[in-house]
Amino acid sequence: MSTASAILRSVTPGGPSGIAASAREVTKAYGVGETRVTALNRVDVDIHRGQFTAIMGPSGSGKSTLMHCLAGLDTVSTGHIRIGDTEITDLNDKQLTQLRRDKIGFIFQAFNLLPTLNAIENITLPMDIAGRKADQAWLDQVVSTVGLADRLKHRPAQLSGGQQQRVAVARALASRPEIIFGDEPTGNLDSRSGAEVLDFLRRSVNELQQTIVMVTHDPNAASYADRVLFLADGRIVDEMHNPTADAVLDRMRRFDGKRTS
Ligand SMILES: Nc1ncnc2c1ncn2[C@@H]1O[C@H](COP(=O)(O)OP(=O)(O)OP(=O)(O)O)[C@@H](O)[C@H]1O
Ligand SMILES: [Mg+2]
């Protein structure tokens, strides 16, 4: 660990232990009557602070729904979600928006960078909008971890896909959120760029004690995580610690007669 990250470790709120987010008895149903779909069925899960958690499972198993409910992007039908110490199922829309802004970082499949802003302006944009000043030491650490110090003045069109997604990851990290959620963050990248981004996510957990939850279809991507949760039919049916790509692939093959996506 570098000196900078040792210093940052000592000032990171919460430290590496504890629960960053949790779901209790969470059910999420869409539609009514014949079109009713139970996307999540009494899900209980704890997301550990300072860990990289991957969510896997067949298409339609409820991965995105679980992530959206944990992140306060979607409401639950019944049950409870906590982010840190906050029970989010009790919050009104305004409180929820504020909590998402202050405590959560997002990385989506499409990078969602603003084309007219350069890399560093994109990274600090959410804080600029919130009227908050970036912690410069932290920002320097994020930028050096992201490995884009010499690209900060480049606009998205002047960056590769992997570099753009690393900017999006740096943007999610910059405000030091309690937790970062990614839905297929490497889904649009070739394998080399995907590996760059996954390496960076891994380093942000190791060196910055970031908490990350990532939905993925890719056993190789899941192998960067500390823990993989497997969903099927809206339930968590299995989990794996310190996964390898082969072990994850084997587990996925057991779903639905070899269907893996
Ligand atoms: N807005 C919605 N309205 C109705 N049904 C929905 C809605 N969103 C999701 N569903 C249903 O809920 C179930 C879970 O969907 P979800 O998007 O969470 O799956 P997923 O595991 O992320 O799948 P994929 O791997 O294909 O992205 C699916 O059966 C889906 O059709
Ligand atoms: Mg999905």
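Please treat every number below as a calculation from the coordinates, not as lab data. All figures in this text were calculated on a predicted structure; none of them were measured in a lab. Don't worry about glycine lacking a Cβ; one is built from the backbone with ideal geometry, like all the others, and counts go over all protein chains shown.
Spin-label model, ARG203 to GLU121: label points 7 Å out along the Cα-to-beta-carbon direction sit 2.6 nm apart. Distance between the C-alpha centres of segment 21-95 and segment 139-174: 30 Å, rounded to the whole angstrom.
Of all lysines in the structure, those lying under 28 Å Cα to Cα from LYS103, and not within fewer than 8 positions of it along the same chain, are LYS28, LYS63, LYS94, LYS133, LYS153.
Per-residue HN-Hα couplings for segment 46-57, Karplus 6.51 cos²θ - 1.76 cosθ + 1.60 at θ = phi - 60°, whole Hz, x for Gly and Pro? Taking θ as phi minus 60°, the curve returns 10, 9, 7, 5, x, 10, 9, 10, 9, 10, 10, x Hz for segment 46-57. The DSSP beta bridges internal to segment 169-243 are antiparallel in roughly 60% of cases.
Charges were assigned to the Cβ only: +1 to each Lys and Arg, -1 to each Asp and Glu. The resulting dipole of the chain about its Cα centre is roughly 220 debye. By the count of neighbouring beta-carbon atoms within 10 Å, fewest first, LYS63, LYS153 end up ordered LYS153, LYS63.
Under 5 Å from the amide H of ASN41 lie the amide H atoms of LYS28, ARG235, each residue being 5 or more positions distant or on a separate chain, with H modelled from the backbone and absent for Pro and chain starts.
Its Cα centre serving as origin, segment 152-261 has a Cβ charge dipole (Lys and Arg +1, Asp and Glu -1) of approximately 320 debye. Taking amide H as placed 1.01 Å from N in the peptide plane, the amide H of GLN210 sits under 5 Å from that of VAL205, each at least 5 places away or on another chain. Here's how it looks for LEU231: its modeled amide H is under 5 Å from those of MET56, GLY57, VAL237, which are all 5 or more places away or on a different chain. Here the Karplus relation 6.51 cos²θ - 1.76 cosθ + 1.60, evaluated at θ = phi - 60°, turns the backbone of segment 78-93 into coupling constants of 9, x, 9, 10, 10, 10, x, 8, 9, 7, 7, 5, 8, 7, 7, 4 Hz, with x for every Gly and Pro. Modelled this way, with points 7 Å down the Cα-to-C-beta line, the labels at ASN112 and ALA157 are 2.3 nm from one another. Here the label points at ARG254 and ASP46, each 7 Å from Cα along the C-beta direction, are separated by 2.4 nm in the simple model. Candidates ALA29, ILE81, SER204 compared by Cα position along the dipole of the chain: farthest toward the positive end lies SER204, with charges placed on Cβ.
What the Cβ-Cβ distance of ASN92 and SER64 gives, at R0 = 25 Å and to the nearest 0.05, is a FRET efficiency of 0.55.
At full extension, ASP135 and THR78 could sit 16.7 nm farther apart than now, given 0.36 nm per residue minus the alpha carbon distance. Sequence-ordered 3J(HN,Hα) estimates for segment 149-157 from the Karplus curve with 6.51, -1.76 and 1.60 and θ = phi - 60° stand at 4, 8, 10, 5, 8, 7, 7, x, 5 Hz, glycine and proline given as x.
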